[in-house]
Structures are given as structure tokens and as C-alpha cells.
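Below you'll find the structure, written out as C-alpha cells, and then a few comments.
Please treat every number below as a calculation from the coordinates, not as lab data. Only a predicted model underlies this, so the values are computations on that prediction, with no experimental measurement involved. All Cβ positions, glycine included, derive from the backbone under ideal geometry; neighbour counts span all protein chains shown.
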Amino acid sequence: MDSALLVHRLHFAFTVTFHYLFPQLTMGLAPLIVVLKTLGMRRKDETYNQAARFWARIFGINFVLGVVTGIPMEFQFGTNWSHFSRFAGGVIGQTLAMEGMFAFFLESAFLGLFLYGEKRLSPRAHWWSAVAVFLGSWLSGYFIIATDAWMQNPVGYERAADGSLQLSSFWALVLNPWAGWQYAHNMSGAAVTGAFVMASVGAFYLLSGKHAAHGRIFIRTGVVAGCAFSLVQLFPTGDGQGRLVAQQQPVTLAAMEALFTSQPGAPLVIIGQPDVEGRKIDNPLLVPKALSFLTYRRWQAQVQGLDSFPERLWPQNIPLLYYSYHIMVGLGTVFIAIMLVSVFLLWRGKLFNARWMLWILLLSLPFPYIANTAGWMTAELGRQPWLVYGLMLTADGYSKTVSAGNGMFTLLGFMGMYTVLGILFLFLVRREIEHGPAAEPVSAH
Amino acid sequence: METLWFMVVAVMVAAYVVLDGFDLGAGVIYPFVAKSTAERRMVLRAIGPVWDGNEVWLLAAGGTLYFAFPQLYASSFSGFYLPLMMVLWLLMLRGIGIEFRAHMDNPVWQGFFDLIFSASSALLAIFFGAALGNVIRGVPLSQDGYFFEPLWTDFRVGPHPGILDWYTVMAGVIALVTLTVHGALYVVTKTEGELNLRARKVALLVWPIQVLLTVVSLIATYSIKPQVMDNYREHPIGILIPLVVLASLGAMLWATSKGKEKPAFVASALYIVGMLVGAAFALYPVVLPASTDPSYSLTIYNSAAAHHGLIVGITWWSIGFVLAIAYFVFIFRMFRGKVSLEGGGY
């Protein structure tokens, strides 16, 4: 823990991981709230409006934490990664500034109206404010993904005389093919979180015999959306993202799969512990030839293993990358199973009485968070040792003027601060769930 | 092109200070003017629907700075590492202080969140003022365009200063005083009765200090950095800026004592804009002066992004800016008038 590079990496990793626990729920809930409000308007059923208001309150608490933990992210580009900013700011400054101008203003302006303006607005105008918040949050997601996608797959740039990068094509940057797949995969992942959380709270209400009408709405909405997005997560988005990695970052693919030797008809590892020193996987459970097929659509295709690349280009933490990727894929598969069974039971009209299934839905709540976090760890660990793929090493990008001691001081500060914020968040959300969707908000007193 | 982006960033910073300034100021006077729970909720309601949007100007200004002057962003953010991190912590505490207070039933915790909100607002005002003070005074830039400033050294203005020295502390106090008055005048426009009277009293009480400190700061700035007068000598039209500042100070007193609430607030906003534009005018084209060797200073020319990017940016920035103004006009109209305690929230 004495190297400045490690401290700066942990600093960003810790703050961004904690931050993304919140936007994934806001981005996931926003379209579901629009659905609830639409149903409430169409069916003239107050239960749907109460359901929408309940989730708007959860959304509001969540949003505050997303905002306050998000501001440090923009700052850290300058404070902790100044050499990177000097090198690449001429390009990614575009997308980051656009996020502020187009997404944050839209989102923050209409959030107040959405949360507190229902009495001042007509139902239609209030519906539009919900749509504006939804659009703002999803637009914000795009600019961030476009920034990260550029770091994964730099496009639309040229080198300036001083060695830094400058923009050569705005449209290449904004329409980076990497951003397209990554955005689809990421947003669908956020929607999975939103759907599972909604279904889980619904299951809790049905199991505890309270707010049953609302609970059924939560489950129905959550399960239908969850089923659709869990499937989209695998195909086409997960598949598309995976094939991009295979094409552009073959060494990353090899490390994710812990494929040490290049081979035709490469197997897919389901479970097993990579032993990087021994260049093997312990206790493997394999599907023969599956990796070749998934990557190239041919069972006998040659897949490059880690031995095809010089060791200095390998991602530094192969075991963590391998586990992140396998946890993401494994959980994604479990989500599909849970949601398919739930939708089947819903269709047969048995879900609301199937206590075992309600228990599964209730307890599944933390797992989409884990899967989303693991997915991001796969993307970011997989990019190593590069900060900007092929152009700048992570070791060259941090602020050379900020010592390890100063970095650790603020890292510890953030850890303390975020512990308090996390406890406060759980306390407030639990309070809203206990209070339930039927009555007036607890906050109005 | 660089000059245009210099003005754009200056406009965005000024918009941030004027807008978030009033809710920071409202936080500063909060425990002094709002005595009962009902009054505290009134103040929170006056800023509640807009504070987050106001704060977005900080993010958007930061993003625009990053995009237009990446070198400046990299140098200043890493150099001001410690105070910026503290600003982040304060922004966090303040955000939850405002938003989560309403979720607390217990008066003990409500009081605690009140304290957090108010103290973080006051500290943020001081930090922002000190930051501006640092930029005017200059920082110990090295030849490669980087620096790292400790929080304090010997509190003197020299070639190796800390974040805090007598000059930047003074700038922090001026910012606190300015935003206190600004926030008080905003609360006046949004409230009635006792609360309105108390906020007005605060504004009238602090106003003489604001006038005194404005004059002191001009003299102090000239004494540590006589070069600030160069641009004013070269372009005498700049003299209009201090005249605007003085006129708005006068207008603030006149409008407040006559009970003209909105004009008083507008005059205060004008004062803030005048002070910031005056500083920007004096610095131009330098954006971060070096206290070590003037030739290491960052200017708009050696810190800007490349030409093509800046041209492209003008297009989308203009669209974004017009949209942002439209949202703000809409939201402020939506929540116009005095606040009441009916309906949900806070």
C-alpha cells in the first residue's frame, strides 16, 4: 500500500464502485416508474399512482446519494489522474462536458418537479416530468459509457505536437461502436437491478401480508421487465460486447477465460480456480469447444491464449478479472432462470401464492448489484495495463504531484464518509419500505 | 477561440456562484433567522426544488473547463488536491443535510442535520472564496505545469504559499459575507412575516461589512499584485466593472430599505458577477499565475484544447446552454412566489 499508483487506483475504484450502486437503481427504476404512471393514467387506478409515488420516494433517496457520490468522480479526473487528463482531456473532455450540459441539467431541473410538483402539475405534465427524469438519467449514462468506451477503444483522435491527444472526429467519438454495445449491455443491467428490487419489495409485502395490492403490481412489473432485460443481457448485448472484446482486446478475453494456451476448439470454463503461476486451472468444469463457438461461431475456431501475448501486456490481476467475469455471467444465468420461472408462474396465475418463489424473489435483491459491479470490474480490470487502450499505461496516468500519503488520507476519508452514507441510505430506505406505499409520504410532516 | 472559451467558462462559473450562492447563503443564515421548525422548513422549501440544479452549474462549469482547458484542469485540480477533496466532502454533507432532514422524525436528528447543512454551507462559501484568492494570488507552478500546494505554510504571500495565507483567508471571508447577504436577500424574496423581517435584518446588518471588505480586498489585491491593473490601464473601459460593483452595493442597500425585495436580490447578483468579471478581466489571458516564475503561468493559449475540438464544442455547448436556460426559467417560474407549507416535501 505504499505506492502512489496503487493508492490512486484504489481511490478511483472504491469511489466509483460505491457510486455506481446508486445510479444503477435510478436508471433501472426510472423507466419502471414511467410504466407505473402510464398504467395509473390509462386505467384510472389510484393504486398504480400510489405505487409510482412509493418508488419515486425510493428513487429520490437513491438519487441524492447518486449525485453526492457522483461529483467526486468528475473531480478525480483532475485531482488523482491529472496526467491522464492532460493527455486525453482534449478528447474525453467533450463527452464529460456534454454530460453536464445535456443530461445533468435536464435531470436535476425536472427531478424537483417530479418529486414535489405532483400537486402543482396536471397528471399529464407530471407524467412528462417523470419522462424527463428518465431521459436525463439515461442520457447521462450514455455520455459516461462513451467516455469509458473511448478508453477501451480509442477512436476519433489524433496526436498533437506535444504528444497529447486531440479530437479529430466528433462523430467517431460519440458513435464509437464499442459505446453502442457497452451502453446497451450496461443499461439493460441497470434495468435488471431496478426490476429485481421492485419484485423483491413486492414479494416482501405479499409474504408479510401487507399492502398486497401494491405488492402484486410491484411483482408483476418487476418480473415482466426483469425477464425481458435478463434475456437482453445475455443476447444480444452480452454476446455483442463479448465479441467486441475478442476482436479488439484478445488478450483480455484470454485472461477473462483464463485460457493460458492458444488452441483450436477451445473449451469454456464454467468453474475452476486459475493458477497463473502454474499456467493452469484447478478443479475445472469445462464445456468442450464452447468458447470457440461463442467467440467465432465455429466449433473448431482457433482462440488465442495468454501465451500468444507478451506477459507485460497481460492484465495484471488475472484471477480477479477471471472471477469478476465468471460471477457476472453465472449470476446473469441464474437471473434468467429465476425470471423465466416467475413469469411462467405469473402466466399460470400461481406466482402470488407460490411462497417458495416469493422467498427467492425477496432474497435475490443483492445479486443484481453484485453482477453489475462484477461486470464493471471485468471491463476495467480487463483493460489493464492500459488506461487508454494501446495509448497510455495506467502507470503513466496518475497525478505525479499527489503523493501516496495525501492520496491515502483522502481515500480513508471517503471510506469513512461512504460508510456513514451507506448506513443512512439503508436506514432511510428501510423506513420507506416499512411505511409502505398506501399512505401519504412519511417525509411530509 | 481560446478567448471565447475563457468567457464561456467565466459565464458558467458566475452562473454557479450567483445560483448556488443563494442557497449556500440561505444555509449560512438558516440557524439565525429560522427559529421554529415551520420556519426552517420554509427556508428549505425556498431552496429545495432548485439547489440541486444550481449545483449542476458547478459540474457543468467543471466539465466545460475540462473540455476547453484540459491542461488547466489537470494542473489546478491536482495542485489543489486537499482543499478540493474537502469541498467534495462538504458538498456531500450539505446534500444529505438538505434532503434527508425531511426523512427524520426525531427533533434531535433534525437539529443535527440542520447543523450539518448550515456549517457545510458556511465552510463551502469560505473554501470557494479562498480558491478564487489562490487563483488571483498565484500558485507555485513548476516548469512542467504542475504544482502541489499544502494547506498552509507560513500564512504569508510569497513564492511558496499554502492554500491558506492572509490574502486567501480574506478572500474566503469576503465570499462568506457576500453569500450571506445574497442568501438573506433570496430568503426575503421567498418568505413572509417574521422570517422575512429577520432575513432582511441580517442583510442590512452585514451589508456595511461587505462594503468595507470590498474596498479592503481591492487594496489588498493591488498591494500583492500590482499587475492586476495592467488590463485596466490598457482598456480603460474596464473601469466600468468596479463602477457596476459599487452601484450594485448602493442599490442593494437602497432596495432593501425600501422593501423592494427582488431588485435587492438582483443587485446582489450583479455585485457578484461584477466582482468575478473584474477578477477575470484583470487576470486575462492568464488563467493560473505562477508565484515561482511568471513564465510558467498557465494562460488560455498554453492550456487550451486543440482548435478542432473547440470549434466542435461551440455547436453543442450553445444548444446545451440554451436548453439549460430554458429549464431554469421554467423551473423558477414553476416555483415562483412565496413558499408555503402546504403539499409534500421537506
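When you look at the Cβ of every residue in B:303-313, what mean number of other chain Cβ atoms sits within 10 Å?
Other-chain Cβ atoms within 10 Å of each residue's Cβ, averaged: 6.
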Discussion item. Helix A:239-248 against the longest principal axis of chain A: what's the angle in degrees, Cα atoms only, rounded to the nearest 10?
Written reply: 20 degrees
Discussion item. At 7 Å along Cα-to-Cβ for each site, give me the label-to-label distance between B:VAL108 and B:ARG233 in nm.
Written reply: 6.5 nm
Discussion item. Using the basic label-point model (7 angstrom from Cα toward the beta carbon), what is the A:LYS350 to A:LEU6 distance in nanometres?
Written reply: 5.5 nm
Worksheet item: Going by alpha carbons, how many degrees (0 to 90, nearest 10) lie between the helix axis of A:4-20 and the longest principal axis of chain A?
Response: 30 degrees
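Hey, got the average number of other protein chain Cβ atoms within 10 angstrom for residues in B:139-151? Show your work: numbers first, answer last.
On the way: counts 0, 0, 0, 1, 0, 3, 2, 7, 1, 6, 1, 1, 0.
Partner-chain Cβ atoms within 10 Å, mean over residues of B:139-151: 2.
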Discussion item. Can you give me the distance in nm between label points at A:ALA228 and A:GLU434, each placed 7 Å from the Cα along the Cα-to-Cβ direction?
Written reply: 3.5 nm
Discussion item. Can you give me the C-alpha center-to-center distance between segment B:21-98 and segment A:191-230, rounded to a whole angstrom?
Written reply: 36 Å
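Given R₀ = 56 Å, FRET efficiency for A:SER208-B:ILE314 by Cβ-Cβ distance, to 0.05?
Values: r = 57 Å, r/R0 = 1.02.
E(calc), rounded to 0.05, equals 0.45.
Lys and Arg at +1, Asp and Glu at -1: add these up for the other residues within a Cβ distance under 13 Å of B:ASP52 and post the number.
Numbers: positive: B:ARG94; negative: A:GLU107, B:ASP20, B:ASP23, B:GLU55, B:GLU99.
In short, -4.
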Item to complete: Over segment A:248-325, calculate the relative contact order: mean separation of alpha carbon pairs under 8 Å at least 6 apart, over the residue count, as a percent.
Response: 41 percent
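When only C-alpha pairs under 8 Å and at least 6 residues apart count, what is the relative contact order of chain B, in percent?
Details: 484 pairs, mean separation 86.3, N = 346.
With pairs under 8 Å counted, the relative contact order is 25 percent.
How much net charge surrounds A:ASP148 when only the other residues with a Cβ under 11 Å from the Cβ of A:ASP148 are counted, with Lys and Arg +1 and Asp and Glu -1?
Details: positive: A:ARG383; negative: A:GLU380.
Here the charged neighbours net out to 0.
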Worksheet, complete the sentence: With R₀ set to 45 angstrom, the calculated FRET efficiency between the beta-carbons of B:HIS307 and A:ARG312, to the nearest 0.05, is 0.80
Worksheet item: What value, in deg cm²/dmol to 500, does the helix sum -39500 (n - 2.57) over DSSP H runs of n ≥ 4 give at 222 nm once divided by the residues of the protein assembly as shown?
Response: -24000 deg cm²/dmol
Fill in: Summed residue charge, Cβ within 14 Å of B:TYR73's Cβ, Lys/Arg positive, Asp/Glu negative
0
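Can you give the relative contact order of segment B:1-144 as a percent, counting alpha carbon pairs under 8 Å and 6+ residues apart? Could you put the intermediate results ahead of the total?
Values: 93 pairs, mean separation 43.6, N = 144.
Result for segment B:1-144 is 30 percent.
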Worksheet item: Taking neighbour Cβ counts within 10 Å as the exposure measure, how do A:TYR398, B:TYR186 sort from fewest upward?
Response: A:TYR398, B:TYR186
Practice prompt. Quick one: check the C-alpha center-to-center distance for segment A:27-65 versus segment B:169-248, whole angstrom.
Written response: 45 Å
Worksheet, complete the sentence: Length gained if B:TRP152 through B:SER223 is fully extended, taking 0.36 nm per residue and subtracting the Cα-Cα distance, is 23.5 nm
